[in-house]
Every structure is written in C-alpha cells, then in structure tokens.
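Okay, so here's the structure we're looking at.
The values are calculated or read from the model by the stated rules, or taken from the named source; none is laboratory data. On a predicted model such as this, the values are computed, not experimentally measured, just so you know. Here the Cβ positions follow ideal geometry from the backbone for every residue, glycine too, while neighbour counts run over all protein chains shown.
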C-alpha cells in the first residue's frame, strides 16, 4: 500500500508493509534485504528510499514521489513508443542497473510495473524486495519476479546468474517498448515459451532499425554465458545519441497484445521445471 504525503513542502510517497498480512518468507528474507540495500542506492533513475520506521505491526518506507505512473499503464494506454524514446528509456534502465551491478546487487524483478515515470517522463526503477547482493558471484536458486520476464535458465529450473537474468529482462522490456506487445506467448505453457526463446523468430516491424533489432537479439541470448553484461549492453551502437529525444505524447504506434498474465513472485526454483515444487533456497 502506497500513500502520498507532503513534508517540508515536498511530496513524498509512503509504502506501508503490514507485518500481519505480509508472508513470513517476505518478512524474514526479502523485507530485510530491501531495507538494507535500498537506502544506500542513489542514482537518478532509481526511486529513492529516504528513510523508514516501524510502528507496532507496520513498517513505513518514505520514498521519492514519482508522478506519472508506471510503464505498463503507459504502454497499455499509449501503445508502443518511437524508437528514439525507447532508446532514451533503455539507456536510463541500463545505466541504473549497471550502477546496481557495480555494487554487486541484482534487482531480479525488472518489469514494466516496476518502471515509474517522473514528471519529465524519465524512468525510475522501484521495488527492491527481491534484490540479491552477490559479491561471491554465486548462482541463485530462487525464482523471483514474473514469468513474462524470466530468462530461459529460470524457466528450465536451473541455477542462474542474477545479473544475466536482469539483462534478459531488459531485453523483454525493450521489445515491449518498440513493438507494443510481449515477445513470448505465455498462454501455451513453459515448453512453448522456451522454444520461442530459443528461436527468437519475431515478426519485426519494417520501421525498426537494424541496430535496434540487433540489440534485442543480442540481449535475448538463450545461453546466459553468451548473454552480454549490462555494461556491454550500454556500449551497443543503438544506444548512441540516447538523449536526443524526450517524451512526446504522440509517439504511440501499436497495441499491447498480451498483458502481464503471470506474477509468480518469488516461488522456489524447482529442480525439474517451473511446474514442480521444491524447498526454498537462497
């Protein structure tokens, strides 16, 4: 639950976590991580957590107020964005995620709902409940986030590199920005999704540049060992001149065909596949 308040003539957002309603694993594992790492992260494209406090059963997080909703609602309302606007937004996401990765922190839940838009329609990443600090570069065994944005290795139930999973999610987000639709059809089951992820046989629009298509295909490498790091994404030629164009309310061209049908937040990573169950791990 999020409320807006005014303090010292500044509008702030307050996120309230009710300990009586929040799941036990969230309180014991994910909320402590959010409270530990969010306050130390300071980047223009990350929502700021100024401070937090507890009263009785509730935890209050005092946040930067971001005016223009999230990117999912924007895409649903205005459809896809011009490639030049997508370039600017992707650069902002990449720069913020690169900052996090340089701190050895992976977000693990990058999706349109967690991309807020400020008064100038700049990206602000929010929701750090599933972050993971990984200074030892260990593979993760916990599935966090949404199936629509999940990398192949996660859907296969294999241990995964959290930073490379973040990069995959950026590729999905970029595809949605420039096409107005989800890249994979989740309605046909995990095996079908994995097949589509391996083939990457997209019906490209003739208006998309070769550089744009090349970056999407490069990011969506099925084998995570071949997938670029976020720093490598940041130097791709498509991201040159990323500041040349700002938000334009008339930039929409197509419609979001598939909503975010899945939001399986932090269920355990199964050994045999996403439809099996196993004990929760790190």
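Results, tabulated for the structure shown:
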item: Meets criteria (closer than 20 Å to residue 96 by Cα and touching a helix residue (DSSP H, G or I) at 6+ places or on another chain (Cβ under 7 Å)) for residue 154; result: no
item: Looking only at segment 51-67, and only at residues there that are touching a strand residue (DSSP E or B) at 6+ places or on another chain (Cβ under 9 Å) and exposed (fewer than 13 other Cβ atoms within 10 Å of the Cβ), the one that is nearest to residue 123 (Cα to Cα); result: 51
item: Candidate set: segment 151-184, residues that are in contact with a strand residue (DSSP E or B) (Cβ under 9 Å, 6 or more places away or on another chain) and in a loop (DSSP other than H, G, I, E, B); chosen: the one farthest from residue 112 (Cα to Cα); result: 159
item: Selected residue (criterion: farthest from residue 139 (Cα to Cα)) from residues of segment 108-118 that are part of a loop (DSSP other than H, G, I, E, B) and touching a helix residue (DSSP H, G or I) at 6+ places or on another chain (Cβ under 6 Å); result: 111
item: Residue match in segment 131-138 (condition: buried (at least 20 other Cβ atoms within 10 Å of the Cβ), part of a loop (DSSP other than H, G, I, E, B), assigned by TED's automatic domain parsing to the domain that holds residue 196 and touching a helix residue (DSSP H, G or I) at 6+ places or on another chain (Cβ under 8 Å)); result: yes
item: From 99, 91, 121, residue being in a helix (DSSP H, G or I) and surrounded by fewer than 20 Cβ atoms within 10 Å (Cβ to Cβ); result: 99
item: Lone unmet requirement of (1) buried (at least 22 other Cβ atoms within 10 Å of the Cβ); (2) modelled with pLDDT under 95 for residue 110; result: (2)
item: Yes/no for residue 176 being farther than 20 Å from residue 94 by Cβ and surrounded by 23 or more Cβ atoms within 10 Å (Cβ to Cβ); result: no
item: Subset of segment 34-50 (residues that are touching a helix residue (DSSP H, G or I) at 6+ places or on another chain (Cβ under 6 Å) and buried (at least 19 other Cβ atoms within 10 Å of the Cβ)); result: 45, 46, 49
item: Residue pairs meeting the criteria (Cβ under 7 Å; at least 6 apart or on separate chains; first free of Cβ contacts under 8 Å to residues at least 12 places away in the same chain, in segment 175-199; second surrounded by fewer than 19 Cβ atoms within 10 Å (Cβ to Cβ) and not in a helix (DSSP H, G or I)); result: 192/185
item: Residue 119 vs. criteria in the same structural domain as residue 177 (by TED's automatic domain parsing) and on the phi > 0 side of the Ramachandran plot; result: no
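Residues checked against (1) within 22 Å of residue 113 (Cβ to Cβ); (2) at pLDDT 95 or above:
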site: 190; (1), (2): yes, no
site: 220; (1), (2): yes, yes
site: 229; (1), (2): no, yes
site: 248; (1), (2): no, no
site: 255; (1), (2): yes, no
